[in-house]
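Reading through the structure tokens given below for one structure.
The values are calculated or read from the model by the stated rules, or taken from the named source; none is laboratory data. Keep in mind the model is a prediction, meaning the values are calculated, not measured. No Cβ is skipped: glycine too gets one built from the backbone with ideal geometry, and neighbour counts run over all protein chains shown. For accessibility, only protein heavy atoms count, side chains too; no ligands or nucleic acids. Shrake-Rupley method; radii C 1.70, N 1.55, O 1.52, S 1.80 Å.
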Amino acid sequence: MSHDHNHAPSEIRHEKPLWWALGLTTAYLVVEVIGAFWTNSLALLSDAAHMATDALGLMIALTAVRLSRRPPDARRTYGYARLEALGAVTNGLLLFGVGIYILWEAAERFREPQAIASTGMMWVAAFGLVVNLIAMRLLSAGSGESLNVKGAYLEVWSDMLGSVAVIAGGLIIHFTGWTLVDPILAVLIGLWVLPRTWVLLREAINVLLEGVPKGVVLGDIETALRGYPGVAGIHDLHVWALASSTPALTVHVVMNEGYAPDTLRRELADLLHERFEIDHVTLQVETDHCGDDCAEVKPAAGEKHDHGSEGHSHGPDKQGHHGHVHR
């Protein structure tokens, strides 16, 4: 097993699709803003506002992806992987702001309906639909692996639905003259986006709060460790995520007599890798567990007793054996 402690990703994944999506989104944003004022369509303007957050969100995602690749240093020993979650939170807050703005503008349009150039509205929206479908195709591969790419994908997805809705609204206005359909569509687009934005924010905040990663069941891990031969018990089990796809685990393992600490440590690390896909593992193997009395034991004179942020050290002590395994 390797002892490489670099927590940054070895390669920048999904960067090229992000660049292509950013270029397409920015180009269409210019067209859509001009078209929204030309046609006087709030639905088209709401779609343009979403497209603006798409472009900004993609820039945030690209910045976070590149910075997260930077290796650990003396001040940030885990590197910059958490920037992915910070970027996703920023992206989500922008989406919330846009949704609230659109709802506010729609309320104004309900009070004072305005004339809409439906033909131009449909042409601009049709062009946006093509751009969104291409961008969705580019981002789909990484949407299940990165919070930033997922956020960008959700934004493009919402814009695709927005383009479809704007086309439909343009057809209704063209054939019926019912202009209230424009703010109605704007409201529907906003209400569709907000719940999905909350899901993105919840996942990103869970990473920042060091919560158990999505898809990981803490009870299953505890059962697997307690049931392994040679394990008398475990305590201080913690599982969190360095980034959206980088789970980490620390645990104190009480070992039965007759087992080799290094062998048990390696076998448990293999177990965690194979069953739970957790590769960054810190295991403290102990020959005895003194429970709550440990907190009352004072170090002998001249003996240094250091408690790290994870409640363990990397050297042997009088109670057991400590090991850090990073596959």
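Summed over the range 76-89, the residues that are out of contact with any Gly (no Cβ under 8 Å at 6 or more places or on another chain) and assigned to a helix (DSSP H, G or I) give a count of 5. Taking first residues from the range 130-146 that are β-branched (Val, Ile, Thr) and surrounded by fewer than 22 Cβ atoms within 10 Å (Cβ to Cβ) and partners that are modelled with pLDDT of 75 or more and in a helix (DSSP H, G or I), the Cβ contacts under 7 Å between residues at least 6 apart in sequence or on separate chains come to ILE134/LEU24. Restricting the range 264-290 to residues that are among the polar types (S, T, N, Q) and under 35 Å from the mean Cα position of the chain (by Cα) leaves a set whose member that is surrounded by the most Cβ atoms within 10 Å (Cβ to Cβ) is GLN284.
Confirm whether ARG66 is more than 24 Å from PRO195 (Cα to Cα) and open to solvent by 10 Å² or more (accessible area, probe 1.4 Å). It would help to see each step written out before you state the result.
Details: more than 24 Å from PRO195 (Cα to Cα): yes; open to solvent by 10 Å² or more (accessible area, probe 1.4 Å): yes.
Spelling it out, ARG66 is indeed more than 24 Å from PRO195 (Cα to Cα) and open to solvent by 10 Å² or more (accessible area, probe 1.4 Å).
Within the group THR176, THR197, which residue is of a type in the set (S, T, N, Q), more than 21 Å from HIS280 (Cβ to Cβ) and open to solvent by 50 Å² or more (accessible area, probe 1.4 Å)?
Working: THR197 fails: open to solvent by 50 Å² or more (accessible area, probe 1.4 Å).
Just one listed residue meets the conditions, THR176.
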